[in-house]
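The values are calculated or read from the model by the stated rules, or taken from the named source; none is laboratory data. The model shown is predicted, which means the values in this text are computed figures rather than measured ones. Methodologically, a virtual Cβ is constructed for each residue, glycine included, from the backbone with ideal geometry; neighbour enumeration extends over all protein chains shown. Calculation scope for accessible area: heavy atoms of the full protein, side chains included, ligands and nucleic acids excluded. Shrake-Rupley method; radii C 1.70, N 1.55, O 1.52, S 1.80 Å.
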Amino acid sequence: MHGEQPLRLGVLGSGKGSNFVAIAEAIRNGSLQAEVGLVVSDVAEAGILQHARDRGMPARFIAPGAFRTKLDPTAEAAFIGALQEARVDLVVLAGFMRILKGDFLKAFEGRVVNIHPSLLPSFPGLEAWKQALEYGVKVTGCTVHWVDQGVDTGPILAQRAVPVLDDDTVSSLHQRIQEAERTLYPETLARLTRGGWATPGRAGSRT
Ligand code: GRF
């Protein structure tokens, strides 16, 4: 799909952008053979947009519309159009807080990845680190997975375990999981760029 050309990433995020920074740094230091085609956020003041602009990378805010947890149809079309115009090969969700379904996933079928702050299938959904702490598990972590129509349900590409310490608080655990994310996501993307990737499937997606 990408031959000799570096893989073009379209990065979507709603927040501070620490995963994006780790990905951008991996590209800069040559450990990830890719380029950022576009960063898009549904939040005008999101840190991720500023981090992209600071690095001279194209960054756009696209208003999400009236819904709280998804894009309205006009916004969805605008996201698709912007990413297609930027000729992205792979859509990388890095803290994007809206559920993508239907037309978006059809437009980028088998080409959307996400990072989630737990060892899926445990603790899907919001504040997964808090769910893990409250449940009392002794090990949690983070997961990079293909995005399908469900919420945090797509085939798993990679995981990293993070121990839950006796004196962990919600914020200390969250911080350690995010540290693990910042190595796992660029490493997994690098693996994808080296091996290409198969159409996602529970048995066949691993590269
Ligand atoms: C990460 O913890 C990721 O697991 C979740 O959203 C958070 C984004 O953080 N999906 P950041 O914006 O990359 O700092």
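Worth a mention:
- Of residues in the range 160-173 being touching a residue at least 24 places away in the same chain (Cβ under 8 Å) and surrounded by 18 or more Cβ atoms within 10 Å (Cβ to Cβ), the one nearest to residue 118 (Cα to Cα): 160
- Of the strands (runs of 3 or more DSSP E) lying entirely inside the range 35-126, the ones with 1 or more residues being crowded, with 19+ Cβ neighbours inside 10 Å and under 15 Å from the mean Cα position of the chain (by Cα) are found at 90-93, 112-116.
- Cβ-Cβ under 9 Å pairs, at least 6 apart or on other chains, the range 80-91 side touching a residue at least 24 places away in the same chain (Cβ under 8 Å), far side open to solvent by 10 Å² or more (accessible area, probe 1.4 Å) and of a type in the set (Asp, Glu): 80/103
- Residue in the range 130-143 that is within 12 Å of the ligand (Cβ to nearest atom), hydrophobic (A, V, I, L, M, F, W, C) and in contact (Cβ under 8 Å) with a residue 24 or more places away in the chain present: yes
- Filtered residues of the range 110-128 (kept if more than 10 Å from the ligand (Cβ to nearest atom) and among the small types (Gly, Ala, Ser)): 110, 122, 125
- For the range 144-155, taking the residues that are in contact (Cβ under 8 Å) with a residue 40 or more places away in the chain and assigned to a loop (DSSP other than H, G, I, E, B), the one that is farthest from residue 179 (Cα to Cα) is identified as 149.
- Residue pairs whose Cβ atoms lie under 9 Å apart, sitting 6 or more positions apart in sequence or on different chains, and linking a residue in the range 42-54 that is at negative phi and touching a residue at least 12 places away in the same chain (Cβ under 8 Å) to a partner that is open to solvent by 60 Å² or more (accessible area, probe 1.4 Å) and within 13 Å of the ligand (Cβ to nearest atom), are 42/97; 43/97; 46/16; 47/16; 48/16; 51/16.
- Of 152, 89, 148, all but one fail to be within 25 Å of residue 52 (Cα to Cα) and of a type in the set (Asp, Glu); the exception is 89.
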